[in-house]
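See below for the structure under consideration.
The values are calculated or read from the model by the stated rules, or taken from the named source; none is laboratory data. This one's a predicted model, so the numbers in the text were calculated from it and none came from an experiment. Note: ideal-geometry Cβ built from the backbone for every residue, glycine included; neighbour counts use all protein chains shown.
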């Protein structure tokens, strides 16, 4: 069973975020609080505050908020699509779209 597909339990919400090819987004930990994030399509590159970089592919699942990140980046030539699930009240802050 895929916990990020299909209906989500009461009290939870699912949101999507898309980054255009070769786009970098400054990381805002508050926007990702309590969220479990799956790379739905494309490649996600996480850039740490130290400058270290790690890449994740479609199907990878992460929790971004606790990481010491500076930015999220789409290094690919196709849109990067992320799907996040969190408690409904945590999504009062908007994810990037």
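The residue of the stretch 49-72 that is farthest from the chain's Cα centre (by Cα), among those that are farther than 21 Å from residue 14 by Cα and in a strand (DSSP E or B), is 53. Against the test of being in contact with a strand residue (DSSP E or B) (Cβ under 9 Å, 6 or more places away or on another chain), at pLDDT 95 or above and not in a loop (DSSP other than H, G, I, E, B), the options 83, 39 yield a single qualifying residue, 39. Restricted to the stretch 4-15, and to residues there that are surrounded by 12 or more Cβ atoms within 10 Å (Cβ to Cβ) and in contact with a strand residue (DSSP E or B) (Cβ under 7 Å, 6 or more places away or on another chain), the residue that is modelled with the lowest pLDDT is 4.
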